[in-house]
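Structure record follows, encoded as C-alpha cells.
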Amino acid sequence: MKLLITGGAGYIGSHAAHQLVDEGHQVVVVDSLYSGHRWAVPERARFVEGNVADTALMERVLREEAIEAVLHFAAHVEVGESVADPAKYYRNNTLASLGLFEACVRTGVGRVIFSSTAAVYGEPTSDAALTENSPLLPVNPYGASKLMSERMLADLSRAAGGRLSYVILRYFNAAGARGDLRVGQATPRATHLVKIAAETALGQRDSITVHGTDYPTADGTCLRDYIHIDDLVQAHIDALKYLEGGGASDIFNVGYGHASSVLEVIAAMSRVSGSEIRMVKGPRRAGDPSVVLSDNQKIRRVLGWQPRFDDLDLICRTAFEWEKILQSKKKVSNADKRTHDSFNR
Ligand SMILES: NC(=O)c1ccc[n+]([C@@H]2O[C@H](COP(=O)([O-])OP(=O)(O)OC[C@H]3O[C@@H](n4cnc5c(N)ncnc54)[C@H](O)[C@@H]3O)[C@@H](O)[C@H]2O)c1
C-alpha cells in the first residue's frame, strides 16, 4: 500500500516506518524535524521535510504520491510544556490535524490511523482498567488537543459518508526499542521513565527522581502500563488490515492491561544493565494519578492484536542497548561538528 507517515522521523513514527517498509509498503514520511531525526527515516522511504500545518504541501504530497492511507503521528508531546504554552499544542496538534484530515477528504484518501493517547482519559477516578468508554476528561492541553483531534476526525468521517474511515489508537506508555536496534527513542528532552532510567544506568544522569513514594500502591510508587514499541507498531499494522478489509471506524486502547511501578522499572533497568541506579525521593507531581491501566479486550477482539513482547526486562534491555548506540551517535556528531568548526575557523 502507498502510505503517508507524518512524524515518521520521531520515536514511534520511525519504528512504524521501518516496519511498514520491511513489510513491502511504499512509505512517504513528512516530518518537520522539530523533534525527529533524518537518520531515523528508513532509506527506502521517501522523505519530505515539511510541516503538517502546511496544508497545500500535504495536499500535494497526498495527490502526487497517490497515498492510500495516512498514519498521523506528528505532534508535540510534552505534557508540562502544553500547560505552559497551550496555544502551541492546540495549533500543532489540533489545527494542523484538522488541515490534514480535510486534505485527506479533498484528495480522496480513504483511511487514517491517528495516534491518540491515554491522556484523553485524564485522571482515572479508580484503579480499574480504562476501557474505550471510560470518561474522557483530559487534565492538560496535550490530552485535550488530542481529544479534539479525535472528535474532528470522527465528525469529518461521518460527514464524508463512508469515503473516509479511521482507526484511533490510544497509546499507553510506549517504551523500548526495535528488536534489531535500527532505531530507538531519541526524542530530545524526553521525560519517559524507561528512557531516563537507561540514561541513568549509562551515567548520563547522576540519579533518577522518584516522584511520589506515598501512593496507595504496593511499593508506594505510581503504576503505568508500559508497552513495547514493536507491539505498539503491530497495532497500526493490524488497524491498516482491518480498514483495508472494510472494518468500521473505531477507537482502541493499546496497552498490555497490566502495570509496573516506578520502582519495578528502575529495578528491571538495573538488572538488565548491571548498573546500580541511584534514586532520589521527590514529591508527587500534580496530576500524576496512582494507576493508569488499559483494558485491551477490544483491540484483541476486533483487530486480533496479539502482543509478543510483553516483558519489562525486554523493554528495558532494548531501551538500554539503544541508549548506548544513541550515545555513540551523539559522540560522532559532536566530533563532526568540531571538525566542521575547525575548518571554518
Ligand atoms: N511516546 C508515548 O509514550 C506516546 C504515548 C501516547 C501517545 N503518543 C503519540 O504518539 C505520537 C508520536 O509520539 P513520539 O513519542 O514518537 O514523539 P516524537 O516527538 O518522538 O515524534 C513526533 C514527530 O513529529 C514531528 N512533528 C511534530 N510536529 C510536526 C508538524 N507540525 N509537522 C511535521 N512533523 C511534526 C516531530 O519532528 C517528530 O519527529 C504523538 O502523536 C503522540 O501524541 C505517544
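Can you go through 228, 211 and tell me which one is away from the ligand (no atom under 14 Å from the Cβ) and within 27 Å of residue 327 (Cα to Cα)?
Just one listed residue meets the conditions, 211.
Quick check on my filter: what residues within the stretch 111-133 are open to solvent by 20 Å² or more (accessible area, probe 1.4 Å) and more than 13 Å from the ligand (Cβ to nearest atom)? Walk me through it before giving the result.
Of the stretch 111-133, the ones open to solvent by 20 Å² or more (accessible area, probe 1.4 Å) are 111, 119, 123-129, 131-133.
111, 123, 124, 125, 126, 127, 128, 129, 131, 132, 133 - these are the residues of the stretch 111-133 that are open to solvent by 20 Å² or more (accessible area, probe 1.4 Å) and more than 13 Å from the ligand (Cβ to nearest atom).
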Restricted to the stretch 20-41 and to residues being buried (at least 21 other Cβ atoms within 10 Å of the Cβ) and over 15 Å from the mean Cα position of the chain (by Cα), the residue nearest to the ligand (Cβ to nearest atom) is 30
If we keep only residues of the stretch 289-345 that are over 19 Å from the mean Cα position of the chain (by Cα) and assigned to a loop (DSSP other than H, G, I, E, B), then the residue modelled with the lowest pLDDT is 345
Taking the stretch 180-201 and keeping residues modelled with pLDDT of 95 or more, in a loop (DSSP other than H, G, I, E, B) and either exposed (fewer than 15 other Cβ atoms within 10 Å of the Cβ) or among the acidic types (Asp, Glu) (or both) leaves 180, 181
All-but-one check, residue 209 against (1) surrounded by fewer than 19 Cβ atoms within 10 Å (Cβ to Cβ); (2) assigned to a loop (DSSP other than H, G, I, E, B), failing number (2)
Condition set in contact with an Asp or Glu (Cβ under 8 Å, 6 or more places away or on another chain), surrounded by fewer than 18 Cβ atoms within 10 Å (Cβ to Cβ) and among the hydrophobic types (A, V, I, L, M, F, W, C), scope the stretch 262-309, selection farthest from residue 209 (Cα to Cα): answer is 302
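Given the structure, is residue 9 over 17 Å from residue 76 (Cβ atoms) and open to solvent by less than 10 Å² (accessible area, probe 1.4 Å)?
Values: over 17 Å from residue 76 (Cβ atoms): no; open to solvent by less than 10 Å² (accessible area, probe 1.4 Å): yes.
When the stated conditions are applied, residue 9 does not pass them.
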Quick check: anything in the stretch 137-148 open to solvent by 60 Å² or more (accessible area, probe 1.4 Å), within 16 Å of the ligand (Cβ to nearest atom), touching a residue at least 12 places away in the same chain (Cβ under 8 Å) and not in a strand (DSSP E or B)?
yes
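The values are calculated or read from the model by the stated rules, or taken from the named source; none is laboratory data. What you see is a predicted model, and the numbers here were worked out from it, not measured in a lab. Because the Cβ atoms are built from the backbone with ideal geometry, glycine has one as well, and the counts that use them run over all protein chains shown. Ligands, DNA and RNA are excluded from the accessible area calculation, which covers all protein heavy atoms including side chains. Shrake-Rupley method; radii C 1.70, N 1.55, O 1.52, S 1.80 Å.
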